[in-house]
Amino acid sequence: MASTQVFCGTFIHSTDKDPLIILENTIIGVQRDTIIFIDNEDKIRDRLEEYQLPNNVVKYLTSGQFIIPGFVDTHAHASQYTFCGKGMDKGLLDWLDCYTFPTEARFKDTEFARDVYSKVVDRFLKNGTTTASYYATIHTDTSILLCKIIEKYGQRALVGKVNVDMEAPEYYIEDTTESVAGTEAFVKAVTELENPLITPCVTPRFAVSCSEELLKKVGQIAEQFQLPIQTHLSECRPECNVITSVHPKRLNYTDVYNHAGLLTNRTILAHSIYLCDEEIEVIKLKGCGISHCPNSNLTLRSGLLNTRTLLDKNIKIGLGTDIAGGYSPSMLNAIRQTIQISNTHAILAEKDGEKYKPLSFKEVFRLATLGGSQVLGLGKVIGNFEIGKQFDALIIDPQCTNSAFDIFDTDENKEDFLEKFLFMGDDRNIKSVYVAGRCVYEAGKRVVLSHRDS
Ligand code: GUN
Ligand code: FE
């Protein structure tokens, strides 16, 4: 990799203020992993001179192409990729018993784990997910293996060894001490990889399958090493009912995590559909983020998150595929289903004579990029194009050979191109995938990476 690269063309991204900004005729300079300048194309000579760069460092996009930030998947079970697209006949709790626990139990087998984990990381990158927050399984060794595979493929990720010490079958359960020790060993091993792109994430599966003691102890690990935390919250009604019986002393579902010290400004709460006002208040106060997983919520018939209400309260929200509760590994699918759920809320509100402003595609594009980065605690590192941030980006080509959609002369500008890509595009339109300045996928093929410092 050249240590400095310059990209020239159209860039599309979001800021906190504006969900969609289109920068035409723009140059972005990237030194190693970091954006060092953003300027108008007519300053290209000056910039090349300033940094003493030859002309051939400039990568010119063709007229139809544009660059967007890489997608951020805030919630995905890497280990469930084997049965992604199957087993959609059950609700969450039966689905866990029938398909999920038996599959995850197989990850004590290193070769099985290697095969599945290599395929899922490859699939995610190919689909433009430059950062993912993954759940592995309860097995420490193969959870570490997942990190090594992510490193090999060059993705950015949060990764968690899962904690489960109750309400699970005896073939897929740990005792509390073993679960805590496994988490400590996992954190140590991932830290020793010294890969700035990979962060260990404390991952108690959900309050149904974790004792109070376990929740507290992993919370202490997160606090000690200043780590992010991920778990599931309030995903479906039967699950919420179980919480009342397994944690009877707590006020509500959110209070189980709060009491255990698990709610921080780096906590990622998947689903969070059936929250009462007090729970939303606590989540806001603690600065936790919510991972909205629309495909999973529809496929497992869990419920319809009201994203607009949470956004209006300034709660951080990102999108997640939640494979294999969700059947698609693509964040484009998460974007589309987020819009459809929001539209469903609008239809239901109208029926009841109420007002509801559905999310625009621009707002949802922001959730899939900048919003996700903020939920993962990476809002200062990635998510959009700003000087000092790392260059995680996708070159999109709406007019590639065998494109998933067509462009007409009625598609007037890049906003039209982006909208069509978000609704109709697929991995064929993702020409190149960059993570931390490195091209990891090019024209549908993985770029085999040499070691990081080369
Ligand atoms: N709640 C606890 N475990 C899981 C899981 O694996 N997937 C989903 N969607 N919800 C969960
Ligand atoms: Fe999940």
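Just so you know, all these numbers are worked out from the coordinates, no wet-lab data involved. What you are looking at is a predicted structure, and each value in this text was computed from that prediction instead of being measured. Backbone-built Cβ (ideal geometry, glycine too); neighbour counts: all protein chains shown.
Pick out, in residue order, every one of the GluC sites (Glu not before Pro) in the range 340-439 that is DSSP loop and has at most 11 other C-beta atoms within 10 Å; say none if there are none. Provide the component values of the computation, followed by the final result.
Values: sites: Glu350, Glu354, Glu363, Glu386, Glu412, Glu415, Glu419; in loops: Glu354, Glu386, Glu412.
Taking the range 340-439 and a limit of 11 other Cβ atoms within 10 Å, the loop GluC sites (Glu not before Pro) found are Glu354, Glu412.
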Lysines with Cα under 23 Å of Lys148, excluding same-chain neighbours fewer than 8 positions away: Lys108, Lys119, Lys126, Lys161, Lys188, Lys445
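Could you give the Stokes-Einstein D for the range 357-439 in µm² per second, using the C-alpha Kirkwood radius, 25 °C, 0.890 mPa s? Working shown, then result.
On the way: Rh = 14.2 Å.
Estimated diffusion coefficient is 173 µm²/s.
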Distance in nm between pseudo-label sites at Ser3 and Asp406 (7 Å out along the Cβ direction from Cα): 5.0
Additional length obtainable on full extension of the chain from Lys216 to Leu193, 0.36 nm per residue less Cα span: 5.6 nm
Distance (nanometres) between label positions extended 7 Å along Cα→Cβ at Ala185 and Asn40: 6.0
Degrees, to the nearest 10: 110-126 long Cα axis against longest axis of the chain: 40
Distant-in-sequence amide H partners of Asn163 (H built 1.01 Å from N, under 5 Å): Thr203, Arg205
Separation in nanometres of the label points that stand 7 Å from Cα toward Cβ, at Glu350 and Lys119: 4.2
Over the range 226-342, volume per residue of the alpha carbon convex hull, in Å³: 101
Along principal axes, Cα extents of the range 316-454, largest first, whole Å: 62, 40, 34
Sum of side-chain charges, Val162 neighbourhood, beta-carbon under 12 Å (Lys, Arg +1; Asp, Glu -1): -1
Helix axis angle, 176-193 relative to the chain longest principal axis, alpha carbon, degrees: 20
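Could you give the size of the charge dipole of the range 411-450 about its Cα centre, using +1 on the Cβ of each K and R and -1 on the Cβ of each D and E, expressed in debye and rounded to the nearest 20?
On the way: 7 positive and 8 negative charges, 90 e Å.
Using Cβ point charges on Lys, Arg, Asp and Glu, the range 411-450 gives about 440 debye.
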Where the Cα pairs of the range 1-135 fall when distances are cut into 10 Å bins, in %: 10, 28, 24, 17, 16, 6, 0
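Would you please put 18-30, 289-301, 421-433 in order of how densely packed they are, using the mean number of other Cβ atoms within 10 angstrom per residue and starting with the highest? Intermediate results must be reported in sequence, preceding the final value.
Numbers: 18-30: 17.8, 289-301: 25.5, 421-433: 20.1.
Going by the mean number of other Cβ atoms within 10 Å, highest first, we get 289-301, 421-433, 18-30.
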Centroid-to-centroid separation of the range 110-152 and the range 280-323 [C-alpha atoms, Å]: 24
Student exercise, the chain dipole from Lys, Arg, Asp, Glu Cβ charges, in Debye to nearest 20: 340
Percentage relative contact order, the range 303-454, counting C-alpha pairs under 8 Å, at least six apart: 17
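To the nearest 0.05, what FRET efficiency results for Gln399 and Lys249 with a Förster distance of 51 Å applied to their C-beta separation? Walk me through the intermediate numbers first.
Details: r = 60 Å, r/R0 = 1.18.
Step by step, r from the Cβ atoms, then E = 0.25.
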Residue among Pro102, Gln155, Thr82 farthest towards the positive dipole end of the range 44-193, charges placed on Cβ: Gln155
Amide H contacts of His75 (H built 1.01 Å from N, under 5 Å, at least 5 apart or other chain): Ser133, Thr321, Asp322
Value of Rg to Rh for the range 182-226 (Rh from inverse mean 1/r over Cα pairs, i.e. Kirkwood): 1.01
Extension reserve of the Ala443-Arg106 stretch, reckoned as 0.36 nm per residue once the Cα distance is removed: 118.0 nm
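Relative contact order for the chain: what percent, with Cα pairs under 8 Å and sequence separation of 6 or more?
Working: 1002 pairs, mean separation 87.5, N = 454.
Dividing the mean separation by the residue count of the chain yields 19 percent.
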Highest to lowest packing among 194-204, 398-408, 274-284, scored as the average C-beta count within 10 Å: 194-204, 274-284, 398-408
Degrees between helix 331-351 axis and first principal axis of the chain (Cα, 0 to 90, nearest 10): 70
If the convex hull is drawn through the Cα atoms of the chain, its volume per residue in Å³: 145
Cα-only Debye scattering, the range 52-202: base-10 log of I(q)/I(0) at q = 0.17 Å⁻¹: -0.98
